[in-house]
Amino acid sequence: MILAATMWAAFALAQTRQITLVKGSPTNYGTNGFDISWVDNSTQKYYLADRTNNAIDLVDAATDTFLGFIGKGQFTGSNPCPAQPKDLRHCAGPNGVVTDDLGHVWAGDGAGNIIESDAAK
């Protein structure tokens, strides 16, 4: 009985919790408009592989504020594969994202390339 009451209370709390969007975030992601993201804890920056906007989205994770795009236009974007139209991961990009200690952002692209961009924003 106590377990059921606790579960019900947790469910009710989850249903009323307010979730805020990142301030200034581009919100036009399609169903396959993004891929892997990465948080650099040392800089408190969040990087999202954004296929819809053909860029890496840069977010200040400390303030939940969208800071801008990295490498916009360098990737293939949200392109379907002719042989696999429902599987964007083989032809779209950016795919995945990671940073290094020199301030560079690395992301895969649907064309099978790895693209390096400057993370300074």
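The values are calculated or read from the model by the stated rules, or taken from the named source; none is laboratory data. Fair warning: this is a prediction, and the values are worked out from it, not measured in the lab. Every residue, glycine among them, receives a Cβ derived from its backbone with ideal geometry; neighbour counts consider all protein chains shown. Each accessible area value is taken on the protein alone, full model and side chains, heavy atoms only, with ligands, DNA and RNA left out. Shrake-Rupley method; radii C 1.70, N 1.55, O 1.52, S 1.80 Å.
Here are a few things to note about the model shown:
- Once the chain from Gln84 to Asn41 is taken as fully extended at 0.36 nm per residue, the excess over their C-alpha distance is 11.9 nm.
- For region 34-118: accessible area per residue (Å², 1.4 Å): 52 Å²
- Around Thr99: net Lys/Arg minus Asp/Glu count, Cβ-Cβ under 9 Å: -2
- These residues, Cys81, Cys91, go from largest to smallest accessible area, 1.4 Å probe, as Cys91, Cys81.
- Gained length - Ile114 relative to Asp60, 0.36 nm times residue gap less alpha-carbon distance: 17.0 nm
- Farthest toward the positive end of the dipole of region 34-118, out of Leu58, Gln84, Ile115, is the Cα of Gln84, where the dipole comes from beta carbon charges about the Cα centre.
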